[in-house]
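Inspection log for the structure reproduced underneath, given as structure tokens.
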Amino acid sequence: MSYYTLVPALPTLAPLARLQELPCSTLKLEQRLSMLSEADREQLARALHLCQRERVGDEALSDADEIALWHSELEAISDPTLCAVIAEYLQSRTLVAALRYRLAGQQDGGSFKGFGPCVWLIQRDWQQPLFGLERRFPWLMQAREALEAGRSRALEQMLLERFWTRLWRIEQEQVFSFAAVAAYRLRWALAEYRLRWSGEQAQEYFDRWVGSTLQSLDPGQSEREWAGSEA
């Protein structure tokens, strides 16, 4: 379905790095998005939940359960472009999670659980610095360096920028499509998150989140399967 009236009515978002405020309230944006069909609104709701930066409503889930939820929710999204970009995003979360897990001192990757086709490679090549995936994912080197240097804010900004750019490209390539509208709404969600956790708050939030993850990796509980679902 095409949205020739809706897309031009979506206000321009400033580049993430220069974002100071949203162009209108989220309530006004949602009023405009009411032009979406019911099926597309359901798909968008699932996409927003999968891509949220904060685990609202999922705090009690185990990592394995959350990954199962990712698969279930993704299967319910019928738009192939939207499905692909979210799968790519979830895979990036898995890759960063593996780096964090190993940095925490995990010696064996056999119990690692995550999302995407690279999980078995991560498990097999756990001892390699970047799991042998540096050619496929060149950004992993920067992510590892940021983690090792404790530059959590820089890593968070890099992850946000990568996803933001991928979504923006969909908007440019598939104008007036549902995928373009969904990509815009996901960028809006990233903008909201960026404004909420700007400056020192972002640093404190990200450090607290990483710290709680590392504390949960009790060497006496090596069977625990951690997917780093908050990446």
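The values are calculated or read from the model by the stated rules, or taken from the named source; none is laboratory data. These numbers come from a predicted model, not from an experiment. Heads up, the Cβs are rebuilt from the backbone with ideal geometry, glycines too, and the neighbour counts pull from every protein chain shown.
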Some residue of segment 91-105 being of a type in the set (S, T, N, Q), touching a residue at least 60 places away in the same chain (Cβ under 8 Å) and part of a helix (DSSP H, G or I): yes
What number of residues within segment 64-89 are free of Cβ contacts under 8 Å to residues at least 60 places away in the same chain, under 27 Å from Met141 (Cα atoms) and surrounded by fewer than 21 Cβ atoms within 10 Å (Cβ to Cβ)? 3
Test Met1 against the criterion of being farther than 24 Å from Ser152 by Cβ and at pLDDT below 95, and give yes or no. yes
The conditions are (1) at pLDDT 95 or above; (2) assigned to a loop (DSSP other than H, G, I, E, B), and Phe163 fails exactly one of them. Which is it? (2)
Taking first residues from segment 121-139 that are modelled with pLDDT of 95 or more and second residues anywhere that are of a type in the set (Val, Ile, Thr), the pairs with Cβ under 7 Å that are 6 or more apart or on different chains are Phe131/Ile122
Residues being within 25 Å of the chain's Cα centre (by Cα) and not in a helix (DSSP H, G or I) - total across segment 1-30: 13
Pick from segment 123-144 the residues that are touching a Leu at 6+ places or on another chain (Cβ under 9 Å) and in a helix (DSSP H, G or I): which of them is farthest from Tyr193 (Cα to Cα)? Met141
Which of the residues belonging to segment 136-179 are closer than 19 Å to Leu190 by Cβ, surrounded by 18 or more Cβ atoms within 10 Å (Cβ to Cβ) and among the small types (Gly, Ala, Ser)? Ala143, Ala146, Ser152, Ala179
For a quick check of your reading of the model, give me the residue pairs whose first member lies in segment 152-170 and is without any contact (Cβ under 8 Å) to a residue 24 or more places away in the chain, whose second is of a type in the set (Lys, Arg) and surrounded by fewer than 19 Cβ atoms within 10 Å (Cβ to Cβ), with beta-carbon atoms closer than 6 Å and at least 6 apart or on different chains. none
